[in-house]
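Participant: Starting off with a structure, shown below.
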Amino acid sequence: MILCLLLLSTVAAAAAVPVPRALTRAAWPEREPVVGLWVWQCLVATVLLCCLTALVLGAAAVFHTVRDHVFAPAPPAVTAAYDLSAAPVWATVLTLLLASGAAWTTAMLGRELAEARRRHGVARAHLRERAPDLPAGLDAGARGPLLVLEDEYPDAWWMPGNPPQLIVTTGALHRLTDHQLNAVLAHERGHARARHDWLLHLSTALATGFPRVPLFAHFCDQTHRLVELAADDTASRRCGHLTTALALIELNQHRGVLSCASSHRLLGERVDRLLEPPPRWLRRQRALTTATAALVPLLPLLIVFGPGLSALA
């Protein structure tokens, strides 16, 4: 049990500090933002699984009630392999810290989801004021997924919900050509299909709850950046790099946004990237990186189940 806790702590520390710093300095995620997002998610999953498995193992060693529930279906040889009877003081302290961290993480996720729902409700109410409901008999299916608002300010955004809607102002319609408008729609639909809103909520909650953990801070920053690059790629594959770049410039000349997370620095990087697109990886490279990243979260599971599997063998 002590060896398992030490190994889990080592893996979690490596995935939480040096690896994200190295990944932040790497240039390849800009070439493959979708793969980069997947690698970041796998890193976060690895740390969370390390903490969760260490919590369960430590609680089983410290509390007999937890031990009885966790190891109830296991043969005596499996229980003996973990040596749960000898729990040092530091293991008890670590278990209490992990339990506190789990509760705090749950609270931060709940808070972020509640705040997102509140913001969504306010936005929906504001949208109903600017675009009143249609008369009875015309409501069902009459509006559709695209809603045009009368507003000189050029803007476009995706409103998640049931049903989701893409909102475009008349100012954007006047500024954009048909091809540029298609690029905007493809960009926002790329966000919607990939459910980037949920990924942003998760990264924000973890960064807010644990601001001094390098992994969560970098995860939040990189997620906001990479989701925009991924949506830009979706639009450029459909409408072309130049058209997407021009649409981005037109919407942002007066702080109009192609997405809610744009900043001036990121905007410049996105335009430069669209005008001079970096070479993409080969399909084999993308598949290999994706598969390798998917195997990393299995490390804490192998560490925890290793003694039990060895005893059964």
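Participant: Given R₀ = 30 Å, FRET efficiency for ILE2-ALA287 by Cβ-Cβ distance, to 0.05?
Facilitator: Details: r = 38 Å, r/R0 = 1.28.
Rounded to the nearest 0.05, the efficiency is 0.20.
Participant: So, counting K/R as plus one and D/E as minus one, what does the shell of residues with Cβ under 13 Å around PRO214 add up to? Could the numbers behind the result be given before it?
Facilitator: Numbers: positive: ARG21, ARG25, ARG212; negative: ASP221.
Within the 13 Å Cβ shell, the charges total +2.
Participant: I've got another one for you. For the chain, what is Rg from Cα atoms divided by 2.2 N^0.38 Å, rounded to two decimals?
Facilitator: Its radius of gyration relative to the 2.2 N^0.38 Å reference: 1.24.
Participant: Using DSSP, restrict attention to beta bridges with both residues in the chain and report what percent are antiparallel, rounded to the nearest 5. Can you show the working numbers first?
Facilitator: Working: 4 of 8 bridges.
Roughly 50 percent of the beta bridges in the chain run antiparallel, per DSSP.
Participant: Would you kindly state how much longer the chain becomes between GLU150 and ARG111 on full extension, computed as 0.36 nm times their sequence separation minus their alpha carbon distance, in nm to one decimal? Write out the running numbers ahead of the final one.
Facilitator: Details: separation 39, 0.36 × 39 = 14.04 nm, distance 3.39 nm.
Value of the extension gain: 10.7 nm.
Participant: Under 14 Å from the Cβ of VAL17, count the other residues' Cβ atoms, weight Lys and Arg +1, Asp and Glu -1, and hand me the total. Don't skip to the answer; put the middle values down first.
Facilitator: Numbers: positive: ARG21, ARG25, ARG212; negative: none.
Combined, the nearby Lys, Arg, Asp and Glu give +3.
Participant: Can you give the extra length, in nm with one decimal, that the chain gains between GLN253 and THR24 once fully stretched, where that is 0.36 nm per residue apart less the Cα-Cα distance? Show your work: numbers first, answer last.
Facilitator: On the way: separation 229, 0.36 × 229 = 82.44 nm, distance 2.91 nm.
The GLN253-THR24 span can extend by a further 79.5 nm.
Participant: Counting only the heavy atoms of the protein chains, how much of HIS126 is accessible to a 1.4 Å probe, in Å² to the nearest 10?
Facilitator: 100
Participant: In the Gaussian network model of the chain, springs joining C-alpha atoms below 10 Å, which of ASN162, ASN182, ASN252 carries the largest mean-square fluctuation?
Facilitator: For the chain, modelled as a Gaussian network with Cα springs under 10 Å, the answer is ASN162.
Participant: For the stretch 66-118, what class follows from the C-alpha gyration tensor (a ≥ b ≥ c being the square roots of its eigenvalues): rounded when a/c is under 1.5, otherwise prolate if a/b is larger than b/c, else oblate?
Facilitator: Numbers: a/c = 5.85, a/b = 2.18, b/c = 2.69.
Taking the square roots of the gyration eigenvalues as a ≥ b ≥ c, the stretch 66-118 is oblate.
Participant: Another question, if that's okay. Place the peptides 70-79, 279-288 in order of packing, highest mean first, counting for every residue the other Cβ atoms within 10 Å and averaging per peptide. Could you put the intermediate results ahead of the total?
Facilitator: On the way: 70-79: 13.0, 279-288: 11.2.
Ranked from most to least packed, the peptides come out as 70-79, 279-288.
Participant: Which whole-number value in Å² is the accessible area per residue of the chain, probe 1.4 Å? Show your work: numbers first, answer last.
Facilitator: Working: 17110 Å² over 313 residues.
Per-residue accessible area for the chain comes out at 55 Å².
Participant: If a/c stays under 1.5 just call it rounded; otherwise compare a/b with b/c (prolate if a/b is bigger, oblate if not). Do that for the stretch 200-247, with a ≥ b ≥ c from the square roots of the Cα gyration tensor eigenvalues. Spell out each step's value before the answer.
Facilitator: Numbers: a/c = 4.46, a/b = 3.80, b/c = 1.17.
Here the stretch 200-247 falls in the prolate category.
Participant: Quick one: compute the contact order of the stretch 7-122, relative version, from alpha carbon pairs under 8 angstrom and 6+ residues apart, as a percent.
Facilitator: Details: 53 pairs, mean separation 28.4, N = 116.
Once divided by the residue count of the stretch 7-122, the mean separation gives 24 percent.
Participant: Ok, one more. Please compute the Cα-Cα pair-distance distribution of the stretch 23-99 with 5 Å bins starting at 0, giving whole percents from short to long.
Facilitator: Pair shares across the bins are 3, 14, 18, 16, 12, 9, 8, 8, 8, 5, 0.
Participant: Is it possible to state the helix-based mean residue ellipticity at 222 nm for the chain, with each DSSP H run of 4+ residues giving -39500 (n - 2.57), the sum divided by total residues, to the nearest 500 deg cm²/dmol? What is it? Before the final figure, lay out each step's value.
Facilitator: Details: 15 runs with 227 residues, N = 313.
Result for the chain: -24000 deg cm²/dmol, rounded to the nearest 500.
Participant: What shape does the stretch 148-195 take by its C-alpha gyration tensor, where a ≥ b ≥ c are the square roots of the eigenvalues and a/c under 1.5 counts as rounded, a/b above b/c as prolate, and the rest as oblate?
Facilitator: Working: a/c = 3.04, a/b = 1.46, b/c = 2.08.
The shape class here is oblate.
Participant: When the accessible area of the stretch 1-150 is computed with all protein chains present and a 1.4 Å probe, what percentage of it is carbon and sulfur? Walk me through the numbers before you get to the answer.
Facilitator: Details: 5830 of 8520 Å².
Here carbon and sulfur together make up 68 percent of the probe-accessible area.
Participant: Moving on to the next point. How big is the stretch 27-179 in terms of Cα radius of gyration and Dmax, in angstroms?
Facilitator: In order Rg, Dmax, the Cα atoms of the stretch 27-179 give 26.1, 74 Å.
Participant: If you don't mind, another one. Quick one: net charge of THR289's neighbours, Cβ under 13 Å, K/R +1, D/E -1?
Facilitator: Working: positive: ARG31, ARG280, ARG283, ARG284, ARG286; negative: GLU32.
Value of the local net charge: +4.
Participant: Order GLU152, GLU250, GLU129 by their accessible area, 1.4 angstrom probe, all chains in place, largest first. The partial results should precede the final answer.
Facilitator: Values: GLU152 170, GLU250 50, GLU129 145 Å².
My answer, sorted largest first, is GLU152, GLU129, GLU250.
Participant: For the stretch 1-76 and the stretch 203-253, write down the distance between their C-alpha centroids in whole Å.
Facilitator: The two parts, judged by their Cα centres, are 26 Å apart.
The values are calculated or read from the model by the stated rules, or taken from the named source; none is laboratory data. Since the structure is predicted, the reported quantities are computational estimates derived from the model, not experimental observations. Because the Cβ atoms are built from the backbone with ideal geometry, glycine has one as well, and the counts that use them run over all protein chains shown. Ligands, DNA and RNA are excluded from the accessible area calculation, which covers all protein heavy atoms including side chains. Shrake-Rupley method; radii C 1.70, N 1.55, O 1.52, S 1.80 Å.
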